[in-house]
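Have a look at the structure below before the remarks.
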Amino acid sequence: MGNYRNFKLVAYFVAGGVQHATREQLEKDLAFFERHMRLDKVYLEPYRDIFADEEKFRMCREILEKHGIEVAGGITTTFSAKEDPEKKQRMFNTFCYNDQRMLERLAMVSAFLGRNFDEFIIDDFYFTNCTCDACRAGRDVFNKELGITDGSWERYRLALMQKVSKEYMIAPAKAENPSCQITIKYPNWAESYQETGYNPAQQREIFDNLYTGTETRDPVTTDQHLPRYLSYSLMTYFENMWPGHNGGGWFDPFDMHITEHYLEQAYLTAFSKPKELMMFCFQALAGTMNVPALGFQLDKLDEVLDHCGNPVGIPCYLPDNCQGEDNIQDFLGMVGLPIVCTPYFPKEAPAILLTRSSACDPDVVDKLENYVAQGGKAMVTHGFVQATMDRGIQRMTSIRFADRKVIAEDFLVEQLTSRMHGRIITWPRGKKPMLITVPEHRNNASWAQIKTRVGQESYGMLLRDTYGKGEMLTLAVPDSFSDLYQLPADVLTRIRAALPVNGIHLEGDALISLFHYDNGAFILYPYVDEGCQPSICRIHAPADVKALEMPVTGRTLAPLYADAAEAVFEFRAMPGHYTLFKPVK
């Protein structure tokens, strides 16, 4: 693989860094990196707003290669406002793809990269938000031809970026070097791709490879609202979309205020078994504490991954160009549901998750009905049910909606345990009040396994419908998705128990994730958050599991208790510390 057994460690080197580079400073910076980690590869960028001086570009490449580092190319498709006489309003200086000067610039840089490299990557500014006269005119002509009357941008921008990719990115590079491999890097804001022209469904047919943005951000002070679990789930989405062509995960140190949050991006990216771990960028990391902190973890991650097979979990179906309940699958991942994502309906999986985004597939109800009737188990969000009310979901559930909401803080949880017989109810209290949509249902047609209690009434939060040989569970998600973190442990444990992976589920509080593999291994990771403390959690496993081995430390956990139905293990989870387990049977 390279300097690490399970991944290549790579860095991105921006054009501004090239432009200001000196031989002495670059040698100094490389010495700093080499003290703490072992770089395999650098993506060297000649253009981002500006062309870097070609002599300096070649100097940087020469020094990197002298240090035994593989060098590939990179491009960021931004065009400086200083060069734009029309002063178009282009957020982040992204190109206007109806501006011939900008298109010529794109073709020129692509040709340069093709001449100089057998591989290059496109940074994730390769989208359009321009609304200039030419772009609006192009949209209007396109929409009229297709009979689109709402003035929307989505289909126009998808078609525009496909055309631009073929004619101004791929063709000029391949003309110079037919064997050049071109990788498109997708950003972390997957729910917004189609609005700005990102089109993985079609772009995977014309590019050679893709790359995944696994950067997360402070969810309060930025607009992206990205749960940290996305650093893992988006990797699984792209790997399942185009197996073998996901080049790696790309993370950075920006818009976060806690060192562990930077490191968590690397951990979760690594847990997805990537080909490459990409650090953006060389200039932003040189001389910072992030480098020794991450370097300390890389060999530990490498050792953990020695014991892991391929990632598995509860497949969340996210069809191409979908949007709805943004990132809800990642909020659920943050509370212990082992979610993986796929753009294909997972009809062979033993259990699946569907959200309002899944409802963007016009045939999803028919697929779901057949899946459940044949014995599958599906958990759907109430948003999914709402979005499919006009498509026949009534065939599968008595749930209806009357635009009612309640403020939930107290809960009733129906527990069916192997240690006690009968119907056991617990009455946990949440950490704060939260607003929840009421899924009204017919008693004894659908059954509530979790309820929220308000005064003299209770309202279903997790409801069960049997259908054919299988079952469908409907989860009423809080209006503020992060309120999932405020649910009591009993509620979270009951939700997790409904969808075990490899027969295993977690008992305990929120902000702990499980990552499962097809060889039975799994990783437990408790997140670092404000006020976090060590916590006691329990791992429920099949009855034939006699112990949980921790290969990295050499420790073994014996069951806290076991019976004919399950074995339960107790573990003290430390925030920021990942632990690998392998069941022993």
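Matching residues to (1) open to solvent by less than 10 Å² (accessible area, probe 1.4 Å); (2) in contact with a Phe, Trp or Tyr (Cβ under 9 Å, 6 or more places away or on another chain):
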residue	(1), (2)
ILE393	yes, yes
SER398	no, no
GLU409	no, no
ILE424	no, no
ASN443	no, no
ARG453	no, yes
LEU506	yes, no
Among the residues of segment 461-494, the number that are open to solvent by 10 Å² or more (accessible area, probe 1.4 Å) and β-branched (Val, Ile, Thr) is 2
If I ask for residues that are in a loop (DSSP other than H, G, I, E, B) and among the hydrophobic types (A, V, I, L, M, F, W, C), which ones from segment 294-332 would you list? CYS308, LEU318, CYS322
Flagged in segment 116-145 as in contact with a strand residue (DSSP E or B) (Cβ under 9 Å, 6 or more places away or on another chain) and part of a loop (DSSP other than H, G, I, E, B), in numbering order, are PHE117, ASP118, ASP123, ASP124, PHE125, TYR126, PHE127, THR128, ASN129, CYS130
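Does THR269 satisfy being among the polar types (S, T, N, Q) and surrounded by fewer than 17 Cβ atoms within 10 Å (Cβ to Cβ)?
On the way: among the polar types (S, T, N, Q): yes; surrounded by fewer than 17 Cβ atoms within 10 Å (Cβ to Cβ): no.
The answer is no for THR269.
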Going through segment 496-521 one residue at a time, which ones are assigned to a strand (DSSP E or B), acidic (Asp, Glu) and under 21 Å from the mean Cα position of the chain (by Cα)? none
For VAL335, indicate whether it is touching a residue at least 12 places away in the same chain (Cβ under 8 Å) and not in a loop (DSSP other than H, G, I, E, B). no
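Any chance you could count how many residues in segment 237-266 are open to solvent by 10 Å² or more (accessible area, probe 1.4 Å) and assigned to a helix (DSSP H, G or I)? Break it down into steps so the answer makes sense when it comes.
So the first thing to find is which residues in segment 237-266 are open to solvent by 10 Å² or more (accessible area, probe 1.4 Å), and the list is 237, 239-240, 242-245, 247, 253-261, 263.
Retained after the next criterion (residues that are assigned to a helix (DSSP H, G or I)): 237, 239-240, 259-261, 263.
Residues meeting the conditions: 7.
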Show the residue pairs meeting these rules: Cβ distance below 8 Å; 6+ apart or different chains; first residue within segment 478-489 and closer than 19 Å to ARG228 by Cα; second residue among the acidic types (Asp, Glu) and open to solvent by 10 Å² or more (accessible area, probe 1.4 Å). PHE481/GLU325
Complete set of residues in segment 323-339 that are crowded, with 20+ Cβ neighbours inside 10 Å and in contact with a Cys (Cβ under 7 Å, 6 or more places away or on another chain): GLN329, ILE339
Starting from residues that are charged (D, E, K, R) and in contact with a Gly (Cβ under 9 Å, 6 or more places away or on another chain), keep the ones in segment 451-479 and report whichever is farthest from MET396 (Cα to Cα). LYS451
Confirm whether ALA378 is surrounded by fewer than 19 Cβ atoms within 10 Å (Cβ to Cβ) and small (Gly, Ala, Ser). no
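Residue-by-condition table, conditions (1) under 26 Å from THR437 (Cβ atoms); (2) of a type in the set (Ser, Thr, Tyr); (3) in contact with a Pro (Cβ under 8 Å, 6 or more places away or on another chain); (4) assigned to a strand (DSSP E or B):
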| position | (1), (2), (3), (4) |
| --- | --- |
| TYR485 | yes, yes, no, no |
| VAL491 | yes, no, yes, no |
| ARG494 | yes, no, no, no |
| ILE523 | no, no, no, yes |
| ARG538 | no, no, no, yes |
| ALA541 | no, no, yes, yes |
Which residue pairs have Cβ atoms under 6 Å apart, sit 6 or more places apart or on different chains, and have a first residue in segment 290-311 that is within 22 Å of PHE238 (Cβ to Cβ) and a second that is small (Gly, Ala, Ser) and surrounded by 15 or more Cβ atoms within 10 Å (Cβ to Cβ)? LEU301/ALA270; CYS308/ALA521; PRO311/SER272
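The values are calculated or read from the model by the stated rules, or taken from the named source; none is laboratory data. Computed from a predicted structure; not experimentally measured. Cβ sites come from the backbone with ideal geometry, for glycine too, and all protein chains shown count toward neighbours. Each accessible area value is taken on the protein alone, full model and side chains, heavy atoms only, with ligands, DNA and RNA left out. Shrake-Rupley method; radii C 1.70, N 1.55, O 1.52, S 1.80 Å.
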